[in-house]
1. May I ask which of Lys478/Lys524; Lys406/Lys524; Lys192/Lys483; Lys58/Lys239 have a Cα-Cα span longer than 18 Å here?
2. Restricting to DSSP H runs of at least four residues, report the calculated mean residue ellipticity at 222 nm for the chain, -39500 (n - 2.57) per run over all residues, nearest 500 deg cm²/dmol.
3. Using the alpha carbons of the stretch 20-217, what is the convex hull volume per residue in cubic angstrom, as a whole number?
4. Suppose R0 equals 45 Å; then what is the FRET efficiency for Asp96 and Arg443 from their Cβ-Cβ distance, rounded to the nearest 0.05?
5. If you keep only loop residues by DSSP, which chymotrypsin sites (Phe, Trp or Tyr not before Pro) in the stretch 128-222 have at most 15 other Cβ atoms within 10 Å of their Cβ?
6. Along the Cα→Cβ direction, 7 angstrom out, place labels at Tyr605 and Thr46. What is the inter-label distance in nm?
7. Suppose the chain between Glu517 and Arg80 were pulled fully straight at 0.36 nm per residue; how much longer would it get relative to their current alpha carbon spacing?
8. Give me the aspartates and glutamates in straight-line cross-link reach of Lys375: C-alpha distance below 15 Å, same-chain residues under 8 apart excluded.
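Please treat every number below as a calculation from the coordinates, not as lab data. Since the model is a prediction, treat every value here as computed from it, not as a measurement. As a convention, Cβ positions derive from the backbone with ideal geometry for all residues, glycine included, and neighbour counts pool all protein chains shown.
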Amino acid sequence: MIADATSGRGTAPFRDGGRRLIIYVIWDRRGQVEDYVLHALSGLRTPTTDILAVVNGKLAENARERLAPLVSDVLVRRNRGFDIWAHKEALDYLGDGVGDYDEIVMTNDTWFGPVRPYAPVFEDMDRRSVDFWGMTDHAREEPNPFTGEGVLHYHLQSFWIAVRPPMFLSQEWRTYWAELPEMPDYFDAVLKHEVVFTHRFAELGFVHDVAFPSASYPTDHPALFNADLLIDDGCPLVKRRPFFHYPPFLDRHAVIGRELLDRIAAAGYPTELILDNLSRNVSPRIVNTNAGMLEVFGDRASDYDETNPPRLAVLLHVSSVPHLDPLLDLLVALPVCADLYVSAVEGDVADAVDGILSRRDMSGFGTVEVRAIPKNPGRHMAAFFVGHRDVIENGSHDLLLLLHAKSSVRKSRAVSAYFSSHQIDNLIGSPGFFANLLGLFQREPGLGAVFPPTIRVGIPATGSAWSVYRGRVADTLKSAGVKVPLDGASIVAPLGGMLLGRREAVRTMLYRTWTYEDYAPSVKYTGISLAQTQERMVVYTMGEHGFHCRTVLNSEHAAVSHTQVEFELDQLLSTTPGYPVDQISFFHRAGWAPHGGIVGMTRMYIRANHPRVARFIEPVYYRARRVVILCKGLARRVLRRGDEN
C-alpha cells in the first residue's frame, strides 16, 4: 500500500447503509452473457447496491433477458478502448447521478468469482478511510517490463477499483476522464491507464489502499503468480489469465493451472463454469496445457460409480476385417453393456463382418447391428457422421465410443502397429482403464470427449499436427458458426478419429446434414480431405457449445511418450540458453528454416539479431526467389524443347 495520509480531502470510511454502484464491463464475441458472469453478478447485488452492466459490442436479446434479474441497468456501446473506455462512457452515461452513491466500483469480466465470499472484503474495506481502493496491486518495477526502460509505477490493478465521493466528485476526476487518451490495443490500456491511474491520483493527494497487497506475497504480481495464496487469504476473485496466458511464460513461474482449479473447487466454486468459459474462448491447446487436461490412468478402476452406468453406443467402422476380432474381444470385456453399431463397405467387407459376428457370442452386447455403406473417400468419419447419424441424434445413449478397424498402407509395420495401439490402448485397453474414463464423464457434466493425445512416436506430428489442414478447418468452422480461437503451431485433436464422447457433444458435429458426396475430393481444397479436416474440428465444435475435452493415456504409453519427448526436447533446446520461454522466443524470431543451407541460416541469423534489416530484406528476397523459380522453369522448358527437337 502507498497512501498520502495528509490529503485533507474529507476522506472517511464507507458510511453505514451507504449506497454502492458497481460498473461491470462485459465483452463476449458472440453477444452472449456466460454463466460465470451471471454467477459473479448474483452475489454482488444487495439492497443497497446497484449494478450497471456495460456491454462492449453487441448483446443478443436472450442475453439481455439473462442479465435483467441481476442488474439495475444495461448500457451497450461500441467495442473500443477496452474496459477503460467502457468505464468512461458509463460515467458519462450516469452524469450527475454518480452523486447518489457512496462508492463506485469499476470492474469487469476478467475474473472468476466469488471463490470466497465478497462480504468480508467489503466489510474490511468499508472501515478504512480511503478515497479509492483496489482488490490487488502490482509492485513498482524498474525498468518497465513493457517498454524496457523507465519505471512501472506501483499501481492498483484496474480489474477492480472502488472510488468514493471525495475523489469521483472532484475536478481532478473529471479532468482525468475528459483527457483519457485513445487505447487501440491492450498495451495502451495498460500503459495509458492502469499503470498511470494510481500514481496520478496519489500524486494529487488522494488516499488509496488495497485489500490484498502484493507486499504480503512472494511476488510482485500475486493475482497472476500467487492466486492460490490469495484464495487462502479470502480473496473472492481469481483472474482468468492464469488459464489463458502463454504457457511457457507460466511454466517459467511455476503457475500450475490444474492445482489452481483444485484449490478453487475446494473453496466451493463450481469449476465447470471456468471450463465452460475457457472452452468457448481460448484455443484448445492452451487450455489443455494450462489446466493440465491430460489424465493418466492405470488398469484398476478408481472413481467409477458402477451403480449408475451410462448408456453406451459403440460406433465401429471396419475397413480391415482381420482387425475386427481383436477389437470385439476388448469391447465385450468393457464394464458396461453397450449397443454395437458396425459399419462396413457394402459387398465383400460387409459380408465378412456379418460372418464374423454370426460366429461369435454377442450376448455381452445390447443391440448389435451391421450397416453396409457405400464405398466413399470419407472412411470412418463419413461412416460416423453419415452412416450413423441417426444413432448420434436419437438420444438413446449417454456416451458414444467411436472406433475403427483398418490397416495403414502408408506407414511402416512398426509405426502402424504403434499408432493403432496408441489409439486403442488409450481408450479400451483394459476394463479398469475404461471404467476410469466413464468415471470422468460421471464427475464432469461439461466433459465433451476424451481421446489419446497427439502421438509422439513414429510420426512427426509435434509442431506440425495441422499439416495442410488449417485453412480448410478455419473455413469449415466459420461456416459452422464456431468462434473458438484456432491454435497456432499444434492442436488438440483426436488424430486417428477415435474418441469416447458425450452424445450431446458429438452431436455438435452434425450442424449440417453431411452426405457421402461431401467427402469427395475438393477442387478448392486439393489433396485436403474433409475426413481429416473433421478430426481437427471436433474439439472446436464441442468448445463452441461449452464442452471441454481431455486427453487420456494409460501408464505404459505415458512412460513411453514422456521419456521420448523429454529426450527430444533436451536435444532441441540444448544449443540455446535460458528458460523454455526464452528459447522458444529465439526460435520464433529466427523464423522458418525450410532445409538449412547457407541462405536459410543467414536469413535466420538476420531475423533473430537484426529484425529491422530483416523487414527490409525479406520482401526483396522473396521477389528475387520468385524470379529465380520462374527462370528455372523457363530454362527447363527450353531444354525440353531442345531434347524433343
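1. Values: Lys478/Lys524 16 Å; Lys406/Lys524 28 Å; Lys192/Lys483 30 Å; Lys58/Lys239 24 Å.
Cα-Cα > 18 Å for Lys406/Lys524; Lys192/Lys483; Lys58/Lys239; rest within.
2. -12000 deg cm²/dmol
3. Details: hull volume 25.1 nm³, N = 198.
It comes to 127 Å³ per residue, whole-number rounded.
4. Details: r = 52 Å, r/R0 = 1.17.
Efficiency, rounded to the nearest 0.05: 0.30.
5. Numbers: sites: Phe132, Trp133, Phe146, Tyr154, Phe159, Trp160, Phe168, Trp173, Tyr176, Trp177, Tyr186, Phe187, Phe197, Phe201, Phe206; in loops: Phe146, Tyr154, Phe159, Phe206.
Those satisfying the criteria are Phe146.
6. Distance between label points: 6.7 nm.
7. Details: separation 437, 0.36 × 437 = 157.32 nm, distance 4.44 nm.
Additional length available on full extension: 152.9 nm.
8. Glu346, Asp348, Asp351, Glu517, Asp518
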